Structures are given as C-alpha cells and as structure tokens.
Amino acid sequence: MKNFKVLALTTILVLAAGLFAFAGNSSTTAITPISSGAYGYLNPNIQSPVIAVAKAVSPSVVRVVVHTTIVSNSNPFGQMSPFFKKFFGFNIPSPQQQEQVESLGSGIIFNSKGYVLTNYHVVAGAKVAEITLLNGKKYKGIVVGGDPTNDLAVIKIEAPAGVTFPAAVLGNSNDVHVGEYAIAIGNPFGLDYTVTQGIVSALNREVPKPNGNGYYYNMIQTSAAINPGNSGGPLVDIHGRVIGINTAIIKPSEGQGLGFAIPINTAKVLIARLIKGESSGFLGVEVRNLTPSLSKSLGIGNVKGALVIGVVPNSGAAKAGIKIKDVIVGLNGVKITSADKLVNVIHEYAPNNVVNVKVYRNGKYLTFRVKLSPKSIFKTTSTYTANGFTVAALTELNRSKYSIPSNVTGVVVTDVNPNSQAAMAGLQPGDVIMTLNNKRITSVKDFENLYTKIRKNGTVAMSVYSQGMEMLVIFYK
C-alpha cells in the first residue's frame with residue numbers, strides 16, 4: 001500500500017512538471033497553419049453539370065423587347081381607383097397622353113426555322129418584337145399567335161433564306177419530379193443570359209395571375225431565382241431539356257425562392273395552333289363559379305366545380321347530354337374546381353378532340369364523351385369592340401353571370417383593357433351601358449352606330465349600371 005502511494009505521487013509530479021514545461025515554452029512555440037496546398041484540388045476534373053447545361057441551352061435563349069403605346073390620363077383624378085370614382089358617380093375628362101413603353105422578356109427557340117416560345121404578357125398588344133441572340137445579333141420578330149388564357153405566345157424571327165437557329169430540346173413535364181434540379185436561363189432586369197439553379201419545389205400549383213383575372217394552373221414551382229425579365233425564358237432539367245416556361249414570381253416582400261413555370265407539355269399542345277392562328281376547342285357551355293349560397297339554393301352541397309348555366313344548342317355538350325345545373329367536376333381526369341379552371345383546361349384541346357367530362361347531377365356523378373367543335377361554327381351573341389373594351393347583348397346568360405336585374409336594359413361590358421381610357425374612367429366587366437351621349441341603348445347595333453359617329457378625341461359619356469348603382473362614365477375616344 002505504501003509503495004502504491006509513492007508511485008501515484010511520483011506520477012502526479014511528472015505530469016505537473018510536463019505541464020509547467022509546456023507553459024514555459026508556449027511563448028516561443030509557433031502554431032503553423034496547414035498550407036492550402038496540403039489538400040491539392042479537391043474533386044479534380046469534376047465540374048458542375050450546370051456548366052454544360054448553360055453552355056448547351058443559352059444559344060437558344062433570346063432577349064425579347066417590344067414597344068407598345070399606352071394612353072394615359074393627365075388630370076389629377078386619373079389615378080383614382082375605379083371604386084373611388086364610382087362612389088362619387090362622376091369622372092373628369094382630360095386630354096389623352098400617348099406614351100411609348102418598352103417591355104423586356106425572354107424566349108426560347110424551339111424550332112431551327114426561328115420560332116420562339118415566350119409568355120403572352122411579354123408581347124401583349126404588340127405585332128413585332130426585337131429579338132437578340134446570345135452572339136449579339138438582332139432580328140425582327142413577328143408575333144404570329146398568342147393565348148392569353150395560358151399566357152403563351154409564338155414569335156417568328158425574320159431572317160434571310162437559309163439561315164437556321166439553334167433550337168432547344170423540349171422535354172416531358174409529366175416526367176418531372178419534386179426535388180430534381182431546375183435551371184432557369186433568361187434576362188432578369190436586363191442582365192442578359194443569367195443562369196440560376198434550384199430544385200423543383202412542387203408541382204400542379206395554382207397561382208393568381210398578376211392582373212387578378214383568374215389563375216395559372218398546373219404550374220411547376222421552383223426555387224431557381226426568377227425575376228422580372230425572366231418571363232418567357234426556359235426552365236430546364238439537369239439534362240438540358242426544357243421542362244417549363246418561366247412565368248410568375250412571388251413578390252420578395254411576400255416570399256422568396258418561389259418561382260413558377262408553365263409545364264412544357266401545355267405549350268406543346270398549343271404551339272401548332274398558335275402558329276396556324278387556330279382557335280381552341282369549344283365545349284359549348286356557359287359556366288360560373290359555385291358560391292356557398294348558390295350551392296345551398298340548388299341543393300348541391302359541398303361539391304366543387306363549374307356550374308353550367310347555359311348550353312349552346314347543337315354543340316358537343318348539348319349532343320352529349322350535358323344540361324343546365326350540371327356541375328362539371330372533371331375533364332379527362334383533371335379535377336375542375338372553378339369556371340376559370342375549366343376554361344383554362346379546355347384551351348389545351350383542339351377542335352374535334354374528344355374529351356371525357358365528369359359532372360355532378362342530382363346526387364350522382366355522370367361522365368359524358370364530348371366532341372369539341374370550332375367556336376366559329378356557332379352563331380354567338382353579337383359583340384362590338386370599341387377603344388379598349390367590348391360589349392355584348394344583354395342575354396339571360398349574361399344577366400345570370402353578372403347578377404344583373406331584369407329591369408336594367410342596355411349592353412353589357414364583357415372585357416376591358418386595363419390600360420385603356422375606359423378602364424381609367426372606371427368601366428369594368430359586368431357593367432351595363434344604358435345610354436351613350438344621352439341616347440338610349442337597346443342593342444349592340446345601337447351602341448356601334450352611336451359610337452362610330454363620335455369623332456377621334458371626342459367625348460364619350462355613358463350612363464352605366466354598375467354593382468347596384470347608376471353612374472356616369474366619361475372619357476375621350
């Protein structure tokens with residue numbers, strides 16, 4: 001026992017002496033960092049696959065610039081909201097001012113003959129566009145077709161005979177999976193040929209359109225940075241195949257790392273029709289959204305879909321047996337949750353296509369095979385398009401669609417260009433024009449005859465029924 005204590009004490013003294021020795025020499029001992037060359041190059045001869053994708057796809061990406069003319073109002077009340085103007089029931093006319101506006105976007109060449117796919121909102125209102133390639137060459141482009149519902153358009157580059165262009169490979173968006181790499185190429189904020197990388201964050205997203213007029217459907221969500229100017233450019237996979245057309249972003253103040261692209265398969269079914277100027281297929285129904293009160297009054301319950309409020313005689317829907325009060329809940333396996341979505345889905349089909357339409361009727365689900373028709377073969381309600389707005393006959397369908405009382409007469413406004421004088425004066429879809437320059441309106445023909453007689457820059461004064469009240473809308477033609 002005594003020997004054990006001596007051994008322990010000796011050990012402690014030795015350790016203590018070592019510690020003191022280390023402390024005494026610490027001031028002179030240099031700490032040598034590991035040289036950066038000690039490891040050499042990690043992962044030699046390995047490059048990011050994004051480098052190869054950017055190199056292969058960028059020559060097919062183009063810068064798209066269009067110039068359009070907008071008409072602005074110079075009076076101080078011109079910026080008031082339509083609601084504010086309607087509340088006071090008057091508008092102050094003022095001279096029009098025309099302004100040239102430049103719009104910048106991106107596009108992707110999908111055919112060596114010079115066909116470019118882009119967003120409709122990039123070229124809306126323009127017939128020509130300036131196309132710039134990666135090598136700096138500029139060409140004139142002709143807007144040959146556009147689909148505002150799906151926000152897609154096709155531009156044809158004008159070039160001498162024999163000139164060909166580098167075309168990208170279009171992939172299959174049905175094979176896209178959440179989590180795979182996604183690469184966006186475009187011209188954000190005018191910074192040409194910017195490449196950003198992320199992943200596919202989600203599929204089949206419903207995203208509100210910037211103008212508030214409906215939704216984009218079945219969108220690909222990505223974390224690859226998409227900014228203004230990227231619109232119309234490609235979203236590609238790690239193999240360089242185009243899987244989507246970049247379209248929408250979330251405001252940075254509302255969310256970051258959220259961008260959306262139109263699936264390339266949606267574009268594929270539209271490209272041929274856009275080039276030929278052909279229309280989409282026509283189902284032959286008038287639909288509206290179901291509200292809780294409407295569902296309750298019709299005894300529909302919690303069913304989601306598009307309520308049929310009218311069926312065009314001799315149309316595919318009529319021949320198949322679809323009726324008023326049916327609720328369309330599906331089309332070719334796609335779930336229909338609103339009237340807007342039904343319109344969006346139908347736009348992907350051409351005349352003579354046969355689709356399966358699933359409806360809810362009297363507590364049962366039924367499926368009808370409907371052959372779509374060209375809308376042009378049907379005699380539709382007469383319309384007239386004026387300066388930035390369109391009017392149509394006030395039919396029972398329109399009364400139901402816009403909740404217009406039976407004692408209100410005139411013509412109904414079905415579309416308004418947000419940049420028009422009419423929009424600035426407060427006119428909006430669903431308004432009923434009852435008089436024009438103190439003349440009573442009873443038909444579209446009445447309105448057309450009176451409107452065409454107003455000289456350019458002449459005053460347009462209309463008595464309008466809007467959302468339960470009568471107001472005066474005034475602007476210059």
Every pair of residues 6+ apart whose Cβ atoms lie under 8 Å, when the first sits in region 157-179 and is over 11 Å from K113 (Cα atoms) while the second is of a type in the set (F, W, Y): A168/F110; L170/F110
Could we say that V370 is crowded, with 16+ Cβ neighbours inside 10 Å, within 22 Å of D147 (Cα to Cα) and either within 26 Å of the chain's Cα centre (by Cα) or modelled with pLDDT of 85 or more (or both) here? no
Within region 446-455, the count of residues that are touching a strand residue (DSSP E or B) at 6+ places or on another chain (Cβ under 9 Å) and either under 17 Å from A425 (Cα atoms) or among the basic types (K, R) (or both) comes to 1
S376: passes all of (1) among the hydroxyl-bearing types (S, T, Y); (2) in a loop (DSSP other than H, G, I, E, B); (3) modelled with pLDDT under 85 but (2)
Being outside the structural domain of F110 (by TED's automatic domain parsing), over 25 Å from V416 (Cβ atoms) and buried (at least 16 other Cβ atoms within 10 Å of the Cβ): is that true of Y193 here? yes
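A quick yes/no check of all residues on (1) farther than 30 Å from Q467 by Cα; (2) at pLDDT 90 or above:
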residue	(1), (2)
I92	no, no
K138	yes, yes
N150	no, no
L191	yes, no
V195	yes, yes
Taking strands (runs of 3 or more DSSP E) that fall entirely within region 407-477, which contain at least 2 residues that are in the same structural domain as N387 (by TED's automatic domain parsing) and of a type in the set (S, T, Y)? 459-466
Could you tell me whether region 431-451 includes any residue that is among the hydroxyl-bearing types (S, T, Y), at pLDDT 90 or above and either touching a Leu at 6+ places or on another chain (Cβ under 6 Å) or under 24 Å from G125 (Cβ atoms) (or both)? yes
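Yes/no per residue for (1) within 28 Å of S403 (Cβ to Cβ); (2) outside any strand (DSSP E or B); (3) aromatic (F, W, Y):
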{"position": "F260", "(1), (2), (3)": "no, no, yes"}
{"position": "I271", "(1), (2), (3)": "no, yes, no"}
{"position": "E278", "(1), (2), (3)": "no, yes, no"}
{"position": "S297", "(1), (2), (3)": "yes, yes, no"}
{"position": "G301", "(1), (2), (3)": "yes, yes, no"}
{"position": "K304", "(1), (2), (3)": "yes, yes, no"}
{"position": "K319", "(1), (2), (3)": "no, yes, no"}
{"position": "I324", "(1), (2), (3)": "yes, yes, no"}
{"position": "I328", "(1), (2), (3)": "yes, no, no"}
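The values are calculated or read from the model by the stated rules, or taken from the named source; none is laboratory data. Remember, it's a predicted structure, so these values are computed and weren't measured experimentally. Every residue, glycine among them, receives a Cβ derived from its backbone with ideal geometry; neighbour counts consider all protein chains shown.
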